[in-house]
Amino acid sequence: MRSGPKVVAIDLFCGAGGLSKGLQDAGISVVAGIDIDPACKYPYESNIEAPFLQEDVRKVTAAHLSALWRTAAVRLLAGCAPCQPFSSYRRGVDTSKEEKWPLLTEFGRLVRETKPELVTMENVPRIGSTPVFAEFVNSLREAGYQVNWKSCYGPEYGVPQSRRRLVLLASLLGPLVVPDGALRGGPYQTVRQTIGKLPRLAPGGGTDPKDALHKSRVLSAINLKRIRASRPGGTWADWPKELRAPCHRRRTGSTFRNVYARMEWDQLAPTITTLAHNFGTGRFGHPEQDRSISLREAAMLQGFPRDYRFVRPDETVRLTHIGRLIGNAVPPPLAKAVGDAIVLHAATHTTTHGA
Ligand SMILES: C[S@@+](CC[C@H](N)C(=O)[O-])C[C@H]1O[C@@H](n2cnc3c(N)ncnc32)[C@H](O)[C@@H]1O
């Protein structure tokens, strides 16, 4: 492949750095991550080795971004506005008035004001049918961008989980298409291949003395009985009646059956949510050990490398804080595939455009 000019990225809504990590793995230089949540600082800076700027994107100016990009020939503005308002878990609820809706619009504002050569945006697939997304695409086109997007199935990109994400790419340099995954059609990476070699933890939950992130939530006595009665791939309907919660006795339905459930070794994991350390909120039971998956396992199923750092060595690991960073992340292998397409595009198109 012809090598082109360095693509230099700024990551808006950077979180713990899932998107930045994948872009870096593709050879893109990431010069800053911006996020409002101070909990992102340590993971972002210690893994990405780029400055973390704790700022509200609504207050970020074009001049600030230009100073970060300096003289880069090919600038990439990357970002993943918070997805909660578009999440399918909130179907049926009018989320259009929520405070976070304008954040994609803010991303669009920064694109129009800085005109980076390249843009990438990632979100939940349902955003593709919202007016805010249509406005975002129109504003990019009006500013001269060629725009392409699609819903990407994570396993095709090497993410061992049945998760779909919408990826958008836009370029001032020429047509740029969201790539297909290299594993299209399978076989896909499984739970066993991803977390099968991690050390065992105590029944009911515990922490690996050598890795503070390999920590699973301690189950209550009733939940320990429940997980012992669960089989990989099964549901709470397999349990004896006395173990069922009152809500189990009332409700049925396939989604609801996928709580208090175990994963299967040789399958994909379910979508890793911000509560993936919690046995009661999804199919987050370990396939074989009597416990929920650990934060490390959740991070690896999200596509983070085994040694990704989320907390300082002297810091207490708080399940809800770190679980949120992990569940919110763009899976790095998906981001890498997007980054590879961007690097190839820059190499192919920049000479003719003089960038
Ligand atoms: C879906 S997560 C991004 C995940 C990240 N791209 C990754 O791959 O790890 C959305 C992020 O937006 C941040 N956020 C929410 N409101 C914000 C705002 N007004 N300004 C900056 N960041 C904001 C949240 O703290 C959260 O980290």
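The values are calculated or read from the model by the stated rules, or taken from the named source; none is laboratory data. Predicted, not measured: the structure shown is a model, and the values here were computed from it. Positions of Cβ are backbone-derived with ideal geometry, glycine not excepted, and every protein chain shown enters the neighbour counts.
Determine whether Phe13 is within 8 Å of the ligand (Cβ to nearest atom) and aromatic (Phe, Trp, Tyr). Yes: the conditions hold for Phe13.
Comparison of Leu344, Leu334 shows that the only residue that is among the hydrophobic types (A, V, I, L, M, F, W, C), touching a residue at least 24 places away in the same chain (Cβ under 8 Å), assigned to a helix (DSSP H, G or I) and surrounded by fewer than 23 Cβ atoms within 10 Å (Cβ to Cβ) is Leu344. All conditions but one from (1) more than 20 Å from Thr271 (Cβ to Cβ); (2) touching a residue at least 24 places away in the same chain (Cβ under 8 Å) apply to Arg141; the one that does not is (2). Which members of the range 16-60 meet the condition of being more than 8 Å from the ligand (Cβ to nearest atom) and part of a strand (DSSP E or B)? Ser29, Val30, Val31, Ala32, Gly33, Phe52, Leu53, Gln54, listed by residue number. State whether the residues of the range 75-94 include one that is at pLDDT 95 or above, more than 18 Å from the chain's Cα centre (by Cα) and not basic (Lys, Arg). Within the range 75-94 (the criterion being at pLDDT 95 or above, more than 18 Å from the chain's Cα centre (by Cα) and not basic (Lys, Arg)), the answer is yes, since at least one residue qualifies. Return the residue satisfying two criteria in turn: it lies in the range 310-329 and is within 12 Å of the ligand (Cβ to nearest atom) and assigned to a loop (DSSP other than H, G, I, E, B), and of such residues it is nearest to Ile48 (Cα to Cα). Filtering the range 310-329 for residues that are within 12 Å of the ligand (Cβ to nearest atom) and assigned to a loop (DSSP other than H, G, I, E, B), the one nearest to Ile48 (Cα to Cα) comes out as Phe310.
Elements of the type strands (runs of 3 or more DSSP E) sitting completely within the range 140-245 and holding at least 3 residues that are in the same structural domain as Arg306 (by TED's automatic domain parsing), under 23 Å from Met300 (Cα atoms) and small (Gly, Ala, Ser): there are none.
For the range 149-171, the criterion of being closer than 22 Å to Pro305 by Cβ, touching a strand residue (DSSP E or B) at 6+ places or on another chain (Cβ under 8 Å) and free of Cβ contacts under 8 Å to residues at least 40 places away in the same chain is met by at least one residue.
Residue count for the range 113-147 under the criterion of being acidic (Asp, Glu) and within 15 Å of the ligand (Cβ to nearest atom): the result is 1. With the structure loaded, tell me whether Lys197 is surrounded by fewer than 19 Cβ atoms within 10 Å (Cβ to Cβ), within 19 Å of the chain's Cα centre (by Cα) and among the charged types (D, E, K, R) or whether it fails that test. No; evaluated as a whole, the condition is false for this residue.
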